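In what follows, a structure is listed as structure tokens, so that the remarks can point back to it.
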Amino acid sequence: TGGSTAARFAAESGLSVCLIDSKDRKEIGNKICGDAVGSEIFDFLKIKHPRDDELSCKIKGAKLYSPNLKKCIDLTDPKQAGYIVNRIEFGQRLLNEALDTGVELFIDNTMALDLLYSQNTVSGVKVKLGNGEKVDLRSKILIDASGFYSPLRKNVKSTLIEKEILKEDSILCYREIIKFSPQDLNITNPDYISIILDQDKAPGGYIWYFPKNQSSLNIGIGTFMNLKGKVKDLYRQNVFNEFIKTSKYEIISSGG
């Protein structure tokens, strides 16, 4: 979605734009995350706020809890308000807006492999197409919006860009979106996202509890990267078992 937004504004500025994505077109926007986004960014970028199928619910702010849940800091002001979005519908809207704005070439199922250089300056990107063919795409400007696991960052010939992100600067996350009947489980603080800081239950990170609507939650955990083999167990013990007090539920999505 970051790539779609960048492509849109580049096209609006009169540039000739090629947008590539590693996913199939219909899967763009399908991403594991908390699904929360602040309202202020839409006004800043002058793009439409989430609505209709892409909007799960509106949130008034955030609640930051101590480990025993007895202390709470309310973060409630216009800058903290926002939305919980349905990620794929939201991502598809941003993609379609980019294409409608004038992106000249869109290629899905395409993996960025390496940077191309000319006279010590980035001049494009080598990609692998969906059919397995490797091709060079030349450009005057290259925007890498592939996120944390970018395959391009390590090959940047510049000291201005961090090539390796230290483990202590990262957290490993796992989350599930869980659906249930409102008669079986009540949402706590449905107008707020909640973050719980507990270094025993979530070492190096935090627990989150994000309502999506009256009958579903996005709940998850972030921990130190070296707990890779234990994060799902920590989630089950300290998040799922803590908040899902019913046997009647459906896991809509899971991953990390």
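The values are calculated or read from the model by the stated rules, or taken from the named source; none is laboratory data. What you are looking at is a predicted structure, and each value in this text was computed from that prediction instead of being measured. Using ideal geometry, Cβ is built from the backbone for each residue, glycine included, and neighbour counts are taken over all protein chains shown.
What number goes with the only condition from (1) assigned to a helix (DSSP H, G or I); (2) touching a Lys or Arg at 6+ places or on another chain (Cβ under 9 Å); (3) closer than 14 Å to G91 by Cβ; (4) not polar (S, T, N, Q) that F42 does not pass? Looking at each condition in turn, F42 falls short on (3).
Selection of the range 38-58 for residues being at pLDDT 95 or above and of a type in the set (A, V, I, L, M) yields only L55. Of the residues that sit in the range 1-39 and are buried (at least 17 other Cβ atoms within 10 Å of the Cβ) and in contact with a Lys or Arg (Cβ under 6 Å, 6 or more places away or on another chain), which one is farthest from D136 (Cα to Cα)? Ranking the qualifying residues of the range 1-39, first place goes to D35. Among the strands (runs of 3 or more DSSP E) confined to the range 92-137, the ones with at least 2 residues that are free of Cβ contacts under 8 Å to residues at least 60 places away in the same chain are located at 111-118, 121-128.
Quick check: anything in the range 93-115 farther than 26 Å from D43 by Cα, touching a Pro at 6+ places or on another chain (Cβ under 7 Å) and not β-branched (V, I, T)? Within the range 93-115, one or more residues are farther than 26 Å from D43 by Cα, touching a Pro at 6+ places or on another chain (Cβ under 7 Å) and not β-branched (V, I, T). Considering N186, N226, the condition of being surrounded by fewer than 16 Cβ atoms within 10 Å (Cβ to Cβ) and either among the small types (G, A, S) or not in a loop (DSSP other than H, G, I, E, B) (or both) is satisfied by N226 alone.
For the range 32-53, the criterion of being without any contact (Cβ under 8 Å) to a residue 40 or more places away in the chain and within 15 Å of the chain's Cα centre (by Cα) is met by at least one residue.
Does the range 118-133 include one or more residues that are on the phi < 0 side of the Ramachandran plot, acidic (D, E) and surrounded by 12 or more Cβ atoms within 10 Å (Cβ to Cβ)? No, the range 118-133 has no match at all. When you check L75 against the structure, is it surrounded by 13 or more Cβ atoms within 10 Å (Cβ to Cβ), of a type in the set (A, V, I, L, M), in contact with an Asp or Glu (Cβ under 9 Å, 6 or more places away or on another chain) and closer than 21 Å to D191 by Cα, yes or no? Criteria not met by L75. Among the residues here, D136 does not qualify as farther than 30 Å from I107 by Cα and surrounded by fewer than 14 Cβ atoms within 10 Å (Cβ to Cβ). Only one entry of L152, L142, L172 meets the criterion of being more than 30 Å from Q214 (Cα to Cα), within 21 Å of the chain's Cα centre (by Cα) and surrounded by 15 or more Cβ atoms within 10 Å (Cβ to Cβ), and that entry is L152.
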